[in-house]
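Peer 1: Can you read through this structure? Questions will come right after.
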Amino acid sequence: MPAEPTPPDSYALRGCIVSFDAEDDTPTVFDDGAVVVSRGRIAAVGPAALLDAHPGIETLDHRGRLILPGFIDTHAHYVQTQVIGSYGKQLLDWLGGYVFPEEARAADPAHAATLAGFFLDELLRNGTTSVCAYSSVHAAAADALFAAAASRGMRLISGKTMMDRNAPPELCDTAQTGAAESVALLSRWHGQGRAGYAITPRFAITSTPAQLEASAALVRAHPECWVQTHLSENHAEIATACGLYPEARDYTDIYDRHGLLTERTLLGHCIHLSDRELDVIARRRSVAVFCPTSNLFLGSGLFDLARMRAAGVRLSLATDIGGGTDYSMLRTAAEAYKILQLQGQSWPARAAFRLMTRGNAEALGLAGEIGRIAPGLAADLVVLDPRATPAMAHRADRPMRDLDETLFMLMTMGDDRAVAETIVGGRRVARH
Ligand code: GUN
Ligand code: ZN
């Protein structure tokens, strides 16, 4: 198991600090603020005058930039990073035609390690400091991602994907081996440093009832672990899943009757759900994960955020790399905004930035560790430059009315180039 890197003792950052500390979308803002970082954690935050209490402390001068909690991505597939942008298919054909052959390559641990390192470094370059990611079916590929995250000091939730039907034989486990390998992995990684384990039956189509039952037994035995799966992304998927589970009332009921809907369950996509299904998900306190670039790219449909919220469903925002097309949570938020525009829904920048930080931390049950800039939390930070590109600088030359306008411009025009610096556990890990 790789040693966690050691963070530097103490230093400070100075700039415009934005964190979502209130229960609503109102940010806490220090226009000329400072964050003191000590041994990987936030020691203090406030107006820059607080630096007077730390004479001589090394200070990274980010004035003119925004300092936010690092972004959190709650759904991605690290083994799909070399099939992003695969042409011309919707979900089931895309999985069969591109994804499954690609995931088979992760059987090679050296290849998996290369993919894992690239994936995490690319997230860091994009200001994402925590991720909840699927691995492939191979236990060694899950090990590779956990090891890569540990060596970078990153918060990771992941798990070996379980599939025991409707996938190529080399990608199938069985109900027994999938569960046994998951137990071995979670014993090795869950709670080690910043790692957490997610029990990961891919979706109802690729799991037999026996595998969903084995997954539920894992959930009962390890309630501290997360659960991640896919739900109601595409019409052909829904019809196929319901055909495979004729006793279920609907797609959601497949997971619910197997005891897989808990408050630690992350349900990717959730696009075409009935009122009954929304009600069940809300009552179980499971999380619907909105993956806008993926939903547009695969032509899956438009996530109805207002309807989810009205039903009381917990929400989250994610890239879904590699159905999703961009590592950047800024680009992801920009596409989410457009999906909501198409449905006549408003989504202010402050709501978007809250969701990418504190909201996603709450969705993972990790709000005590990540998602805000507050004393005691991990020093996972992103520094954004509103003048990062010529087009952004030109736009910013016209004075911004307020912080909301700056945030909205950043999410509409920004991408990895807007990330001036990323800090993980107090360590400076990416800089432009
Ligand atoms: N449904 C089942 N597996 C997948 C996957 O890998 N990506 C997406 N977008 N949907 C899925
Ligand atoms: Zn997915």
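Peer 1: Based on Cβ point charges of +1 for Lys and Arg and -1 for Asp and Glu, what charge dipole magnitude is obtained for segment 334-425 about its Cα centre, in debye rounded to the nearest 20?
Peer 2: 260
Peer 1: For the chain, with the dipole built from +1 on Lys and Arg beta-carbon atoms and -1 on Asp and Glu ones, taken about the Cα centre, which of G414, L115, F303 lies farthest toward the positive end?
Peer 2: G414
Peer 1: Right, something else. Taking the Cα atoms only, what angle lies between the long axis of helix 403-413 and the longest principal axis of the chain, rounded to 10 degrees?
Peer 2: Approximately 50 degrees, to the nearest 10.
Peer 1: Once the Cα atoms of helix 209-221 and of the chain are each reduced to a long axis, what angle between those two axes, in degrees from 0 to 90 to the nearest 10, is obtained?
Peer 2: 50
Peer 1: Using only Cα atoms and rounding to the nearest 10 degrees, what angle (0 to 90) does helix 275-284 make with the longest principal axis of the chain?
Peer 2: With both axes taken from Cα atoms, the answer is about 70 degrees.
Peer 1: Give me C132, C225 sorted ascending by neighbouring Cβ count inside 10 Å, so fewest comes first.
Peer 2: Ranking C132, C225 by Cβ neighbours within 10 Å, fewest first, gives C225, C132.
Peer 1: For a quick check: sort T293, T389 by the number of other beta carbons within 10 angstrom, fewest at the front. Mind dumping the intermediate values first?
Peer 2: Details: T293 24, T389 14.
Going from sparsest to densest Cβ surroundings: T389, T293.
Peer 1: Once phi is turned into ³J(HN,Hα) by the Karplus curve 6.51 cos²θ - 1.76 cosθ + 1.60 with θ = phi - 60°, what whole-Hz value does each residue of segment 85-98 show in order, with x for glycine and proline?
Peer 2: x, 8, 6, x, 10, 9, 2, 5, 6, 5, 4, x, x, 10
Peer 1: While we're here: Starting from the 7 Å offset along Cα-to-Cβ, what nm value, one decimal, do you get for the label separation of H235 and R276?
Peer 2: So the two model labels end up 2.0 nm from each other.
Peer 1: Moving on to the next point. What's the magnitude of the charge dipole for the chain around its Cα centre, counting Lys and Arg as +1 and Asp and Glu as -1 at the beta-carbon? Answer in Debye, nearest 20.
Peer 2: 400
Peer 1: Quick one: dipole size for segment 71-327, taken about the Cα centre, charges +1 on Lys/Arg Cβ and -1 on Asp/Glu Cβ, in debye to the nearest 20. Don't skip to the answer; put the middle values down first.
Peer 2: Values: 21 positive and 27 negative charges, 138 e Å.
The dipole magnitude comes to about 660 debye.
Peer 1: Based solely on C-alpha atoms, express the radius of gyration and the Dmax of segment 56-215 in angstrom.
Peer 2: Looking at segment 56-215, its Cα Rg and Dmax stand at 17.3, 63 Å.
Peer 1: Also: Taking the chain, how much of its Cα-Cα pair set, in percent, is spaced more than 27 angstrom apart?
Peer 2: 49
Peer 1: List, in order, the whole-Hz ³J(HN,Hα) value for each residue of segment 172-178 obtained from phi through the Karplus relation with A = 6.51, B = -1.76, C = 1.60 and θ = phi - 60°; use x for Gly and Pro.
Peer 2: 3J(HN,Hα) across segment 172-178, in whole Hz: 9, 9, 10, 3, 6, 5, x.
Peer 1: Right, something else. Can you classify segment 71-327 as rounded, prolate or oblate using the Cα gyration tensor, where a ≥ b ≥ c are the square roots of its eigenvalues, rounded means a/c under 1.5, and otherwise it's prolate if a/b beats b/c and oblate if not? Walk me through the numbers on the way to the answer.
Peer 2: On the way: a/c = 1.30, a/b = 1.22, b/c = 1.07.
Rounded.
Peer 1: Can you sort D275, D108, D380 so the residue with the fewest Cβ neighbours within 10 Å comes first? List each step's numbers first, then the result.
Peer 2: Working: D275 9, D108 15, D380 34.
Ordered by Cβ neighbours within 10 Å, fewest first: D275, D108, D380.
Every number here is computed from the coordinates shown, using simple stated rules; none is lab data. Everything numeric in this text was worked out from a predicted model, so none of it was measured. Please note: Cβ atoms are built from the backbone with ideal geometry, for glycine as well, and neighbour counts cover all protein chains shown.
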